[in-house]
Each structure stands twice: as C-alpha cells, then as structure tokens.
Amino acid sequence: AVKACGRGVWGRFEAAMAQNLRQHLLIEQRLRDALRLNALSLHYQPVIALEDGRIVGAEALLRWNDAELGEVPPDVFIPVAEDSSLIVTIGEWVLDTACAELAHWRAIDPGSELHMAVNVSVRQFAEPFFAMQVAAVLARHGLPAQALTLEITETLLLDGDARTLAAIEECAALGVRIAVDDFGTGYASLAYLKRIPVHALKIDRSFIADLPGDRGSAALVSAIVAMATALDLEVVAEGIESLAQADFAFARGAHAAQGYFYGRPASALSVRARLSAAS
Ligand code: C2E
Ligand code: MG
Ligand code: MG
Ligand code: MG
C-alpha cells in the first residue's frame with residue numbers, strides 16, 4: 001500500500017489504464033468464443049402503442065452470460081465488440097435470430113403486424129453489402145421489410161461516413177424503418193435528420209426519468225415530440241417506468257413507449273407466452 005502511494009496519482013492512473021486494457025482484452029477474448037459456446041442470447045422488450053396499450057412489437061436486446069465473467073452488461077461488451085470486427089459477426093447473428101423470432105410471433109397471431117427493432121452499430125452499416133444481407137434475412141424468414149426497424153444510436157450516427165449513410169439509405173429503400181436511438185444525447189446539429197431517411201425517434205430515457213415533475217425534462221420532451229411530429233416522424237418514449245410518465249408522453253403526442261412499466265426485456269419464451277395470452 002505504501003508503495004502504491006509512493007507512485008503518486010499518475011502511477012495509479014497508469015495502473016488503472018493497464019487494468020482497463022486487461023479487462024478489455026479479457027472481454028474481447030471471451031466474446032470471441034461466446035457465439036460458438038451459445039453464451040449469447042436475445043431478450044425482447046415489448047413496444048406499446050400509447051393510444052390503446054397494445055403490444056405492437058419488441059426491441060431485441062443482447063445478453064451475454066459468460067461461464068467465468070457471469071452476466072456482462074451490453075454497455076460493457078458492445079463497445080469492446082465495436083472496437084474489433086466482432087460486432088459484425090455478432091450483429092449478423094442478432095439480426096437473423098431476432099427476425100426468426102418475429103416470424104414465430106407472426107405465426108402465433110397471423111393477423112398481427114408485430115414488428116421487431118434491432119440495434120445496429122455504425123460499423124455494421126459500413127460493411128459492404130449490409131443492405132443485401134438485411135434483404136436476405138427478411139426473405140429467409142418471410143418477413144416484409146416494414147416489419148423491421150434498425151436502430152442507430154444518435155452519437156454513432158454523427159460519426160458516420162459517406163459509406164454508412166449510403167447503406168442506411170439502401171436499407172430504407174428496401175422498406176426497412178430507421179430509428180434514431182437515444183435521441184437527444186448527441187448534442188449536435190439536427191441537420192442529419194434532413195440528410196438521412198429517418199422514420200422514428202426514440203427519446204432517450206434520461207429525458208423521461210424525471211417526468212412529469214421536472215420542468216426542464218417536460219419542456220424538452222414536449223419540444224422533441226412537436227419537432228418530430230412536424231417532420232412526420234414516429235416518436236417512441238424509452239424508459240417509461242410509471243403511469244404518470246406514460247400519460248405525459250401520450251398527452252404530448254408520443255406514439256409508442258417502452259419501459260419497465262410495460263415490461264422488462266424478457267426471454268423469447270416468456271414473450272411468446274405473453275403474446276399468446278394477448279391474442
Ligand atoms: P438501447 O438500445 O437504448 O436499449 C434500451 C436500454 O434501456 C436497454 O438496456 C433496456 O434494458 C433499458 N431499459 C428499458 N426500459 C427501461 C426502464 O424503464 N428503465 C431503465 N432504467 N432502463 C430501461 P440494455 O439491454 O442494458 O442495453 C443497453 C444498450 O446496449 C442498448 O441501449 C443498445 O445501445 C446496446 N445494445 C443492446 N443490444 C444490442 C445489439 O444487439 N446490438 C448493438 N449494436 N447494440 C446493442
Ligand atoms: Mg435500442
Ligand atoms: Mg435507447
Ligand atoms: Mg442506448
């Protein structure tokens with residue numbers, strides 16, 4: 001301990017960096033085998049139409065249960081996967097698995113027009129033939145393109161190069177819907193909304209958390225919904241945890257909602273049971 005103190009603040013900082021690097025490498029190493037070991041799975045969180053409270057679809061969310069590390073949260077391992085090319089392989093698996101599950105749901109309730117939202121990293125859009133892969137997955141599972149929404153995080157969208165933007169356009173041209181995830185956290189020019197074919201905005205849950213009491217949050221959510229409506233965009237409120245938050249979002253004109261109030265992300269089996277009961 002005395003020695004550690006002797007190294008001073010800088011030494012401790014370096015030690016922390018080395019520790020982070022080791023953790024990064026460890027996660028990358030184990031993630032490399034995760035698909036093969038069946039350690040990855042998808043959970044699905046219902047998306048609800050605020051108008052009538054019905055389930056209109058779900059968002060697929062990755063889960064990783066590693067034999068040694070335990071449950072590793074996506075906020076920890078997705079950035080590691082994005083730093084390597086792992087996100088591409090994992091992303092292909094996510095897209096295929098989520099679409100297979102959606103086809104299953106649509107078979108449970110044939111009249112339903114349930115949709116699936118899948119998170120996509122910018123790195124994936126930058127891969128050659130990404131849109132063709134998406135088209136192939138949809139065809140393989142007999143799904144119409146409109147049944148799929150690709151979610152792109154706003155901050156990542158802002159880093160996108162010409163290749164990425166072209167791929168987003170190709171996906172939109174297929175009929176796939178594009179949603180901007182974590183909207184409001186990118187603190188940048190909104191000009192991209194004119195350049196990129198966007199169909200939906202998902203208001204980041206940090207704006208929802210203090211509703212309806214906090215005046216600042218209330219004003220921001222109201223302004224986002226008004227802007228989105230003027231641009232003909234669908235608005236999804238993320239992170240709804242209470243009836244009061246849902247009521248507020250609905251009163252301001254948001255179309256859909258997601259959050260613990262309606263359901264936590266859950267296994268495919270439990271979502272199937274919920275859908276069967278509702279249909
Ligand atoms: P996201 O796409 O914004 O997903 C919403 C996150 O909010 C999820 O966290 C969800 O569990 C959480 N959440 C939903 N409702 C509530 C609520 O009412 N209260 C609170 N406090 N949280 C709520 P999760 O599953 O930990 O995922 C974190 C992020 O990891 C996702 O944020 C997404 O950016 C990323 N991610 C997850 N799966 C994938 C994937 O397959 N591919 C990529 N590229 N990223 C993914
Ligand atoms: Mg998302
Ligand atoms: Mg989000
Ligand atoms: Mg997020």
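The values are calculated or read from the model by the stated rules, or taken from the named source; none is laboratory data. In this text the structure is predicted, and so the values were computed from the model without any measurement. As a convention, Cβ positions derive from the backbone with ideal geometry for all residues, glycine included, and neighbour counts pool all protein chains shown. All accessible areas refer to the heavy atoms of the entire protein, side chains included, with ligands and DNA or RNA removed. Shrake-Rupley method; radii C 1.70, N 1.55, O 1.52, S 1.80 Å.
Summing Lys and Arg as +1 and Asp and Glu as -1 over all other residues whose Cβ lies under 11 Å from the Cβ of Glu151 gives a net charge of -3. Summing +1 for each Lys or Arg and -1 for each Asp or Glu, what net charge is found among the other residues whose Cβ lies under 14 Å from the Cβ of Val80? Neighbour charge sum, excluding Val80 itself: -2.
Across the chain, the relative contact order, built from alpha-carbon pairs under 8 Å that are at least six residues apart, equals 17 percent.
Note on exposure: Met227, Met116 ranked by accessible area (1.4 Å probe, complete protein assembly) read Met227, Met116, with the most exposed listed first. The residue list Ala107, Ile87, Gly175 was ranked by how far each Cα lies along the charge dipole of the stretch 53-203 toward its positive end, using unit charges on Cβ atoms, and Gly175 comes out on top. Annotation for the stretch 129-179 versus the stretch 214-279: alpha-carbon center distance of 23 Å. Label separation (Leu26 vs Ser279): 4.4 nm, computed from points 7 Å beyond Cα along the C-beta direction.
Given +1 on the Cβ of Lys and Arg, -1 on the Cβ of Asp and Glu, and no further charges, what dipole in debye does the stretch 134-219 carry about its Cα centre, rounded to the nearest 20? All intermediate terms of the calculation are to be shown ahead of the outcome.
Values: 8 positive and 11 negative charges, 57 e Å.
About 280 debye.
Rolling a 1.4 Å probe over the protein heavy atoms of the chain, with every protein chain left in place, gives an accessible area that is 56 percent carbon and sulfur. If R0 is 35 Å, the Cβ-Cβ spacing of Ser267 and Ala219 corresponds to a FRET efficiency of close to 0.40. Solvent-accessible surface of the stretch 56-118, averaged per residue with a 1.4 angstrom probe and all protein chains in place: 41 square angstrom. Apply the membrane-span-like helix rule to the chain: whole DSSP H runs, Cα extent along the own long axis of at least 24 Å, mean Kyte-Doolittle hydropathy at least -0.5. List the helices found. The qualifying helices are 8-34, 86-108. Relative contact order, whole percent, for the stretch 129-259 stands at 19, derived from Cα pairs under 8 Å and 6 or more residues apart.
Residues whose amide H comes within less than 5 Å of that of Ile178, counting only those at least five positions distant or on another chain, are Leu150, His199, Ala200 (H built at 1.01 Å from N in the peptide plane).
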